[in-house]
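What follows is a set of notes on a single structure, which appears directly below.
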Amino acid sequence: MTEFLVAMLWSVVEVLIVFTGAQVVRVVGLGRWRSERWGSNEARTWSAAGALSFRHEGQRVVTTNGLIFVGLLFYGVLAMLAVALAGLVSA
């Protein structure tokens, strides 16, 4: 039962990270970049195995693996900023 709960919790965290990565790509990409569509086989069709992004019809498409990377990077930078801010407040 514990393994099931851990798997479910990790699935929720993974969806949150992918969704965050998609939003970051949308904001930072300014229309030149987009995230891979949910439930599509774009990455299998157009990209090399394990690619983080690929170019399709003049637009850079970030794969699900790339979205996980971007989401984790966003939360890492957010954590570093929180630690820096906490250090400034306590000083």
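What the table shows:
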quantity	calculated
Selection count where residues are touching a Lys or Arg at 6+ places or on another chain (Cβ under 8 Å) and crowded, with 16+ Cβ neighbours inside 10 Å, scope segment 58-85	2
Test: residue in segment 35-53 that is under 20 Å from Leu73 (Cβ atoms) and among the aromatic types (Phe, Trp, Tyr)	no
Contacts under 9 angstrom Cβ, first residue in segment 64-78 being closer than 13 Å to Ala51 by Cα, partner hydroxyl-bearing (Ser, Thr, Tyr) and not in a helix (DSSP H, G or I), 6 or more apart	Thr64/Ser35; Gly66/Ser35; Gly66/Ser53; Leu67/Ser35
Complete set of residues in segment 1-49 that are out of contact with any strand residue (DSSP E or B) (no Cβ under 9 Å at 6 or more places or on another chain), among the acidic types (Asp, Glu) and in contact (Cβ under 8 Å) with a residue 24 or more places away in the chain	Glu14
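Each value in this text was obtained by applying a stated rule to the coordinates, not by laboratory testing. The shown structure was predicted, so the numbers you read here are calculated from the model rather than taken from an experiment. Neighbour counts run over all protein chains shown; Cβ positions are idealised from the backbone, glycine included.
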